[in-house]
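This report concerns only the one structure given below.
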Amino acid sequence: MKTALVIGAGPAGLMAAEELAKAGLSVVVADAKPSPARKFLMAGKSGLNLTKSEPISAFLSHIHGPDSLRDTVAGFGPDAVQDWARELGQEVFTGSSGRVFPKVMKASPLLRNWLARLDQAGVELRRNWRWVGIEGGAMRFDVPEGPQTIRSDVTVLALGGASWARLGSDGEWVSILAQNGVSCAPFQPANMGFIVAWSDHMARHFGQPVKSVRVTAGDLSVLGEFVISSRGIEGSAIYAVSRAMRDGAPLTLDLLPGRSLQDITARLSRPRGKASLSNHLRKTLKLDPAKTSLMQEFSRPLPSDPAELAALIKALPIPHQGPRPMDEAISTAGGLPFEALDDGLMLKALPGVFACGEMLDWEAPTGGYLLTTCFATGRHAGRAAAAYTTR
């Protein structure tokens, strides 16, 4: 029987292991942590957004990477992910935004069923096995009992990116690959919050969501919401444009995307009387206190001319001091460049060694795109590794 080693027990690694087991290989999964898929479980605390139900062309447009990556995701897209979850006994539902979640809104039941299915397929999970190098074609590990090595017919690396190190994605594998002739692109934070030096006046809004706004940075624009935090701004709408913001594009907010500039100007031109500007904005436009405070924070004194004030509401500039630290980011860009891999995600410099998931140099916004791409690349690498053993 041919043997396979998967290093990393996150979603991509477990998907690769399942494909290898289906192909009849004897599979060992080694993970550095005492329990598998810790980042997956952490994501599940907010509902486990598995994928997004939308036409595949629209879905793929959100994945920033080579065409080959989008082709891989098209092979295991939103519909396939939903079918996969149902096969594991987890019914799913689609929210108003198109995001797909398990009905139980947790990751643990799905992971528990998945691990049980892998166990039944003969997949062996070795916990507390930290990969430390390659020696003579064998993979070396530090384990509680002492150094260990594993030699296998194929290996799939699924070690994650470089954010949330406490959950296992520490990026230390980069140095191991460098020692074996594989160079990686520098890591950068992705899907992250940004630092804003708020004045004391904003403290009352910390923790509040700012809803129904259009967030724009460079060529990226999204309708959604974000959160004002004590450290700055974060949340799904910010994450969706974070790549452009990280690369230097200015951030602007349309605070009333459902109203035209002309309509807002006309409403602001109504007699104000003795009402304060804040009350005038509230009465004429139903602008909530958080949005009004954002305007006053960044554009005080507010213009008195209705047309100028309307223009500000439609495109409020939000200065910031850059992204939060990389370890706080939901994901990372950078890692293994696709030029170092063949079409099956095998490392050209290390025949028989494949890679998948967040190790690869790609990025996508939250909202189901990240997790679906991890599943898809794990499946693709697992299938390619299995095929490699039959050459």
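Considering every residue within region 155-173, establish whether at least one is in a strand (DSSP E or B) and of a type outside the set (A, V, I, L, M, F, W, C). Yes, region 155-173 contains at least one residue that is in a strand (DSSP E or B) and of a type outside the set (A, V, I, L, M, F, W, C).
Quick grid of which residues meet (1) outside the structural domain of Glu358 (by TED's automatic domain parsing); (2) at pLDDT 95 or above; (3) surrounded by 16 or more Cβ atoms within 10 Å (Cβ to Cβ):
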| residue | (1), (2), (3) |
| --- | --- |
| Gly218 | yes, yes, no |
| Ser230 | yes, yes, no |
| Leu251 | yes, yes, yes |
| Leu281 | yes, no, yes |
| Lys291 | yes, yes, yes |
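Residue pairs whose Cβ atoms lie under 7 Å apart, separated by 6 or more positions or on different chains, with the first residue in region 56-70 and in the same structural domain as Asp343 (by TED's automatic domain parsing) and the second of a type in the set (Val, Ile, Thr) and buried (at least 19 other Cβ atoms within 10 Å of the Cβ), are Leu60/Val73; Ile63/Val73; Ile63/Thr373; Leu69/Ile63; Arg70/Ile63. Total residues in region 330-360 satisfying the condition of being buried (at least 20 other Cβ atoms within 10 Å of the Cβ), touching a His at 6+ places or on another chain (Cβ under 9 Å) and assigned to a loop (DSSP other than H, G, I, E, B): the figure is 2.
For (1) within 29 Å of Val353 (Cα to Cα); (2) not charged (D, E, K, R), each residue gets a yes or a no:
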residue	(1), (2)
Val73	yes, yes
Val100	no, yes
Pro109	no, yes
Leu125	yes, yes
Arg140	yes, no
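Somewhere in region 179-193, is a residue more than 23 Å from Trp362 (Cβ to Cβ) and among the β-branched types (Val, Ile, Thr)? Scanning region 179-193, I find no residue that is more than 23 Å from Trp362 (Cβ to Cβ) and among the β-branched types (Val, Ile, Thr), so the answer is no. Considering (1) closer than 30 Å to Ile150 by Cα; (2) without any contact (Cβ under 8 Å) to a residue 24 or more places away in the chain; (3) not charged (D, E, K, R), the lone condition that Gln90 does not fulfil carries the number (1). Candidates in region 166-181 are the residues that are buried (at least 20 other Cβ atoms within 10 Å of the Cβ) and hydrophobic (A, V, I, L, M, F, W, C); of these, the one that is nearest to Leu41 (Cα to Cα) is Trp173.
Given the residues Ser61, Ser68, Ser57, Ser26, which is the only one that is surrounded by fewer than 20 Cβ atoms within 10 Å (Cβ to Cβ), under 28 Å from Gln120 (Cβ atoms) and either in contact with a strand residue (DSSP E or B) (Cβ under 8 Å, 6 or more places away or on another chain) or modelled with pLDDT of 95 or more (or both)? Of the residues listed, the single one that is surrounded by fewer than 20 Cβ atoms within 10 Å (Cβ to Cβ), under 28 Å from Gln120 (Cβ atoms) and either in contact with a strand residue (DSSP E or B) (Cβ under 8 Å, 6 or more places away or on another chain) or modelled with pLDDT of 95 or more (or both) is Ser26.
Please indicate, with yes or no, whether at least one residue in region 103-116 is free of Cβ contacts under 8 Å to residues at least 24 places away in the same chain and touching a Phe, Trp or Tyr at 6+ places or on another chain (Cβ under 9 Å). Yes, region 103-116 contains a residue that is free of Cβ contacts under 8 Å to residues at least 24 places away in the same chain and touching a Phe, Trp or Tyr at 6+ places or on another chain (Cβ under 9 Å). Report, by residue number, each residue of region 172-203 that is of a type outside the set (S, T, N, Q), more than 16 Å from the chain's Cα centre (by Cα) and closer than 29 Å to Pro351 by Cβ. Glu172, Trp173, Val174, Ile176, Leu177, Ala178, Gly181, Val182, Cys184, Ala185, Pro186, listed by residue number. From the list Ala12, Ala17, the one residue that fits, being of a type in the set (A, V, I, L, M), at pLDDT 95 or above, in contact with a Cys (Cβ under 7 Å, 6 or more places away or on another chain) and in the same structural domain as Thr155 (by TED's automatic domain parsing), is Ala12.
Can you tell me which residues in region 11-52 are acidic (Asp, Glu) and more than 16 Å from Ser169 (Cβ to Cβ)? Result: Glu18, Glu19.
Restricting region 96-132 to residues that are on the phi > 0 side of the Ramachandran plot and surrounded by 15 or more Cβ atoms within 10 Å (Cβ to Cβ), the residue that is modelled with the highest pLDDT is Asn128. Scanning region 257-284 for residues that are of a type in the set (A, V, I, L, M) and out of contact with any helix residue (DSSP H, G or I) (no Cβ under 6 Å at 6 or more places or on another chain) yields Ala266, Ala275, Leu277. Thr372 meets the stated requirement of being assigned to a helix (DSSP H, G or I), in the same structural domain as Leu69 (by TED's automatic domain parsing), β-branched (Val, Ile, Thr) and touching a residue at least 60 places away in the same chain (Cβ under 8 Å). The helices (runs of 4 or more DSSP H) falling completely within region 200-292 that include 2 or more residues that are among the basic types (Lys, Arg) map to 242-246, 277-285.
The values are calculated or read from the model by the stated rules, or taken from the named source; none is laboratory data. Quantities reported herein were computed from a predicted structural model and do not represent experimental measurements. Reconstructed Cβ throughout: ideal geometry from the backbone, glycine too, with neighbour counts over all protein chains shown.
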